[in-house]
Every structure is written in structure tokens, then in C-alpha cells.
Amino acid sequence: MSLVRSAGLQKFRQCVEGLGGDADVYARRAGLPVEALDADELLVEDTALAAVMEIAAADLGCPDLGLRVGETQDFAMLGPLSVAMQHSPSVADALECTSRYMFVHARDFGVSVMDAPDGEHGVVGLRYSFGAGVRPLPQATDMTMLFFHRAVTFLLGGRYGLRSVDLPHQPVAPRSRYEDAFGARVRFGRGSALLRVPSSLLARPLDGVDDTVRRIALAFLSQQPREAGPVVTAKVRAVLDQSLGTGSTDLADVARLLAVHPRTLQRQLAAEGESYASVLDVVRRTRARTYLMTTDMPLAQVSDLLGFAGQAVLSRCAKRWWGRTPTELRREAR
């Protein structure tokens with residue numbers, strides 16, 4: 001099991017609902033937090049992401065679901081990594097950047113260049129690896145590889161000489177559907193997932209490069225930790241970030257969204273050295289500071305948005321958090 005950013009599910013809800021399906025139901029069946037369908041930064045298990053794709057495809061009778069999702073995803077979902085790639089001097093530099101910082105989006109996955117796949121001179125393989133011991137499932141693989149192909153197309157402003165595509169699984173949709181999506185021959189049951197391209201492509205320069213923008217994006221990426229933090233704590237915090245002020249922050253409701261029993265969730269948090277109350281307190285403190293220091297929102301409204309019973313509770317918490325009243329904190333900020 002590895003962790004991936006929920007941005008990888010971009011457009012999944014849109015595609016599923018366009019086919020008449022219920023994306024939330026599929027997420028719960030896959031053990032995936034429902035919030036992951038609408039948030040980019042939530043860390044989720046790669047197995048859950050792959051499972052939700054397979055469950056939805058089977059239930060909807062849509063064998064090309066992965067291709068449909070991959071066709072609609074936006075290159076910008078890679079965030080700062082997409083910026084660094086777009087402003088790299090050449091294709092080779094963009095791939096090197098992707099290889100170095102892919103962990104920001106998928107901890108154990110990666111991109112690399114294979115020399116002369118099948119021993120063919122003048123051809124290289126742009127290989128997407130799924131991590132040691134991972135058995136890639138067809139729908140998620142189709143989605144990922146089509147997004148990879150479209151990302152290269154975007155970087156180069158159009159067709160780039162794709163010779164063929166290798167996929168590790170047998171076709172789950174008609175072969176013609178795959179070849180229409182990729183615009184090239186697709187080979188199945190191969191040892192790796194890769195795009196076979198002319199080796200000369202690597203030296204091709206990219207247009208519109210801004211070195212200053214690239215340096216800023218790389219500086220941000222270089223500060224990202226390679227090891228994931230507490231997984232369950234991150235999931236709970238992401239749900240609370242979405243729910244605070246708009247939905248329920250009760251333990252039972254959050255546990256339901258995460259598809260676990262409340263007691264199980266409490267045990268998982270305890271194993272990471274946290275409690276539900278402590279995570280909620282941190283989310284409220286962060287949100288309270290933002291409201292108090294950057295807005296003129298009345299204190300009663302701030303209290304309501306934080307889910308407090310009254311303004312007096314906000315005042316007590318502010319004293320505990322910062323040793324100041326909300327009014328004093330706001331005055332100091334100004």
C-alpha cells in the first residue's frame with residue numbers, strides 16, 4: 001500500500017455522474033474517503049483509488065471509464081510540479097524533474113526513461129512505474145497512462161511522435177477505443193507501462209520557458225517531505241477542513257465519511273499519537289487565526305463558523321491558544 005494525492009481522482013465524480021452513477025457510493029465501497037472526490041490534497045491509499053475505479057466501471061458497465069477520466073483531467077492538477085515541468089528547458093529536463101519530485105503526488109510511483117525498449121534503435125520508453133509489489137489494475141492504469149500521454153502532448157503543444165503504448169494488462173475495452181484515445185498503436189500484456197517515443201524527443205526544447213518561475217516552483221518542491229505524515233490524522237484533518245462551518249464535525253459523522261466505525265477511527269488516531277478532539281482543535285485554531293487576523297467578521301459569526309456553542313467559547317479557546325482574547329489578537333494583527 002502506498003499513498004497518492006487525491007488530485008489523481010480529478011474528474012472522476014463528473015464522469016461517473018454523467019453516466020448516471022453515484023460517486024459517493026462507490027467511494028464508500030472502495031474504502032475511500034468521500035471527501036477525496038472533491039479535494040486535491042488529501043492523501044489516500046493507492047489501492048482504494050484503484051478499487052473505486054474498478055467498482056464504478058463494473059457497476060456502470062463502462063469498461064473505458066479509466067480512459068474517460070484520463071481524457072478530461074487537467075495537467076494543472078500536478079500543481080507546482082506542472083509549473084516546474086512546463087518551464088523546463090527541454091523534454092529531458094521536464095522528465096528529470098518529474099522523476100525527482102513525483103513523490104509529492106505518489107510516494108512510491110515514478111517516471112523514468114528506458115533506452116531502446118525491445119532493442120529498437122532510435123526509440124526510448126517513457127516508463128511509468130507503479131511501485132514495488134503493486135499490481136496495477138486496468139482502470140487506474142488506463143487513466144494514469146492517458147494522463148501521462150496528454151501531459152507530454154500539452155508540454156510540446158501537440159503531437160510528439162508517439163510510436164506506441166505498452167500496457168501491463170489485457171484490454172478491458174475495445175482495442176480501437178484505446179488507439180483512438182492515444183492516437184497510436186497500443187500493446188497489451190507487456191512487462192511495463194510506457195510510451196514509446198523517438199529518442200530525439202528528449203533533446204527537444206520547450207516553448208515559453210521562464211527560468212525564474214521554474215526556480216520558484218523547484219524551491220517549493222524541494223521543501224516537501226519525502227515521508228508521509230500520520231495517514232489517518234491527515235484524512236481526518238482534510239475532512240474537518242471541508243466540514244467546518246458547513247457540515248457536521250461530530251466524530252460519528254466524520255467516521256462515516258471515512259467509511260470506518262467511530263471507535264476504529266479513535267484507535268487509529270491514538271496509534272498516531274492523536275485524538276479526535278486534538279485534531280479538531282488544531283483545525284479550529286488554524287481557521288480562527290485566519291478569520292481573526294484577515295477579516296472583519298463579527299466575533300459571533302466567527303464562533304458560528306468554528307462550530308462553537310457561543311462567543312464565550314471562542315474567547316476561552318483564544319485565551320488557551322494564544323493567551324489573548326479574540327479582540328486583542330485582531331488588534332495586534334492590525
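Is it the case that some residue within region 223-246 is of a type in the set (A, V, I, L, M, F, W, C), at pLDDT 90 or above, surrounded by 14 or more Cβ atoms within 10 Å (Cβ to Cβ) and over 21 Å from the mean Cα position of the chain (by Cα)? No, that holds for no residue.
Which of the following residues is surrounded by 14 or more Cβ atoms within 10 Å (Cβ to Cβ), among the hydrophobic types (A, V, I, L, M, F, W, C) and under 30 Å from A58 (Cα atoms): V209, V172?
Values: V209 fails: under 30 Å from A58 (Cα atoms).
Result: V172 is the single residue among V209, V172 that is surrounded by 14 or more Cβ atoms within 10 Å (Cβ to Cβ), among the hydrophobic types (A, V, I, L, M, F, W, C) and under 30 Å from A58 (Cα atoms).
Of the residues making up region 38-47, just one is buried (at least 20 other Cβ atoms within 10 Å of the Cβ) and part of a helix (DSSP H, G or I), namely D46.
The one condition from (1) touching a residue at least 40 places away in the same chain (Cβ under 8 Å); (2) at positive phi that G119 does not meet is (1).
Can you find, within region 247-272, the residue that is modelled with the lowest pLDDT among those that are part of a loop (DSSP other than H, G, I, E, B) and more than 19 Å from A48 (Cβ to Cβ)? By that ranking, first place goes to G247.
Quick check, is E35 surrounded by fewer than 19 Cβ atoms within 10 Å (Cβ to Cβ), among the acidic types (D, E) and outside the structural domain of H149 (by TED's automatic domain parsing)? The answer is no for E35. So is S303 among the hydroxyl-bearing types (S, T, Y), surrounded by fewer than 18 Cβ atoms within 10 Å (Cβ to Cβ) and within 30 Å of L258 (Cβ to Cβ) or not? Against the criterion (among the hydroxyl-bearing types (S, T, Y), surrounded by fewer than 18 Cβ atoms within 10 Å (Cβ to Cβ) and within 30 Å of L258 (Cβ to Cβ)), S303 does not qualify. Number of residues in region 37-56 that are closer than 20 Å to G247 by Cβ and either free of Cβ contacts under 8 Å to residues at least 40 places away in the same chain or in contact with a Phe, Trp or Tyr (Cβ under 6 Å, 6 or more places away or on another chain) (or both): the value is 2.
Hey, S82 hits all of (1) within 23 Å of T47 (Cβ to Cβ); (2) modelled with pLDDT under 95; (3) in a helix (DSSP H, G or I) but one; which does it fall short on? Among (1) within 23 Å of T47 (Cβ to Cβ); (2) modelled with pLDDT under 95; (3) in a helix (DSSP H, G or I), S82 violates only (1). Which of (1) in the same structural domain as D211 (by TED's automatic domain parsing); (2) assigned to a loop (DSSP other than H, G, I, E, B); (3) surrounded by fewer than 22 Cβ atoms within 10 Å (Cβ to Cβ) is the odd one out, the single condition S88 does not satisfy? Going through (1) in the same structural domain as D211 (by TED's automatic domain parsing); (2) assigned to a loop (DSSP other than H, G, I, E, B); (3) surrounded by fewer than 22 Cβ atoms within 10 Å (Cβ to Cβ) one by one, S88 breaks only (3). Of the residues T264, T233, T246, the single one that is touching an Asp or Glu at 6+ places or on another chain (Cβ under 6 Å) and free of Cβ contacts under 8 Å to residues at least 60 places away in the same chain is T233. Entry remark, region 310-334: residues being within 14 Å of T294 (Cβ to Cβ), hydrophobic (A, V, I, L, M, F, W, C) and without any contact (Cβ under 8 Å) to a residue 24 or more places away in the chain number 0 in total. Screening P63 on (1) at pLDDT 90 or above; (2) within 15 Å of the chain's Cα centre (by Cα); (3) not small (G, A, S); (4) not in a helix (DSSP H, G or I) shows it passes everything except condition (2). Among the residues of this structure, R324 counts as one that is in the same structural domain as A238 (by TED's automatic domain parsing) and outside any helix (DSSP H, G or I). Comparison of R5, R13 shows that the only residue that is under 30 Å from P174 (Cβ atoms), basic (K, R) and crowded, with 19+ Cβ neighbours inside 10 Å is R13.
The values are calculated or read from the model by the stated rules, or taken from the named source; none is laboratory data. Every value quoted in this text rests on a predicted model; they were computed, and no experiment measured them. Note that we place each Cβ from the backbone using ideal geometry, even for glycine, and neighbour counts take in every protein chain shown.
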